[in-house]
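Quick notes on the structure that follows.
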Amino acid sequence: MKNENTRASAAHRLAILAERQGDLKSSVNFYKQYQIFRDSVYEQKQTESIRKMQDLYNYHESDKKLSEAYRAIDKLKITRLYMALCITIVCAFLLLNHSRQKIKNHLIKQQQQKIKEMKNDYEDLNNKLLENQHYTQDLQEKIKTLEKQEAPNQLMLLRKEQLENENKNITRTIECQKNLEHSFLQSELCIRFQSKESWKPTAQDWSDLYQNIDLAYNNFTFRLKNLTNKLTEKDLKVSCLIKAQVPPSIIGNLLNCTTTSISMTRVRLYKKIHKKEGSTKQLDEFIQRF
């Protein structure tokens, strides 16, 4: 491009010089050469300018692609970090859940063992009661025989012995019932239902509660269902929780209901059982005595 500028400058000067000398023909020719060289220089400048602009554009495009690549790499790193964090959280949750389930299973086994022991004790007491009943029947037979034989003193002694055995049977039954009730109210299951801790019982938790209450309170749920055929699952849960001495506010939390809703359920349940209007207090007293 320098050579073209030099030629253009030389042609321009020669055109001026020829014009001064009066050689118009040569001056015109030199002007034409000047125009040609100038146009060539202009085209080269335009080409160079376009090339520089293209280079600048390519540079910006390369820089943009490089920035996008860095952003993609950063995004990939964040995604991998997020995935690793999610995997860690999931693993920790699974481990915690496994640990909680293991503890729960252990507690269930302990509770089942307690229930089994209580059942055995209950069966032993029942066997003793049966033995006493058989013994009482024998005494009654002896009494009838003595009555026929007109032996009043022996008759009175036998009746006294009979009453004493009946009293022993009643006392044992009451003690057995008290022990069962005390064991249930002190059990981990009952205490958990009574606690203010926010938790949602599973179907197995409710089943365990029904089973323990039936054992402690002489088949409570079966006897309650026999009172009315309109008993709903919510009614049964509320009744068992009242029996387990759970406050209404905690009953509401366990059943995901308001205290007002629980009160309405108790009033309706009293009417279902007694066929007449009643209060929440009357239902609670009835459930505790039943």
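Report every pair of residues separated by at least 6 positions or lying on different chains whose Cβ atoms are under 6 Å apart, first residue within the range 41-63 and at pLDDT below 80, second surrounded by 10 or more Cβ atoms within 10 Å (Cβ to Cβ) and not in a helix (DSSP H, G or I). Taking only residues 6 or more apart or on different chains, the pairs are Gln44/Met1. Looking at Gln154, Gln162, Gln110, just one residue is modelled with pLDDT of 70 or more and surrounded by 11 or more Cβ atoms within 10 Å (Cβ to Cβ), and that residue is Gln162. Looking across the range 180-203, the residues that are touching a residue at least 60 places away in the same chain (Cβ under 8 Å) and assigned to a helix (DSSP H, G or I) come down to Leu180, Ser183, Phe184, Leu185, Glu188, Leu189, Phe193. Taking (1) of a type in the set (A, V, I, L, M, F, W, C); (2) open to solvent by 60 Å² or more (accessible area, probe 1.4 Å); (3) at pLDDT below 80 in turn, Leu17 satisfies each apart from (3).
The values are calculated or read from the model by the stated rules, or taken from the named source; none is laboratory data. These numbers come from a predicted model, not from an experiment. Don't worry about glycine lacking a Cβ; one is built from the backbone with ideal geometry, like all the others, and counts go over all protein chains shown. Ligands, DNA and RNA are excluded from the accessible area calculation, which covers all protein heavy atoms including side chains. Shrake-Rupley method; radii C 1.70, N 1.55, O 1.52, S 1.80 Å.
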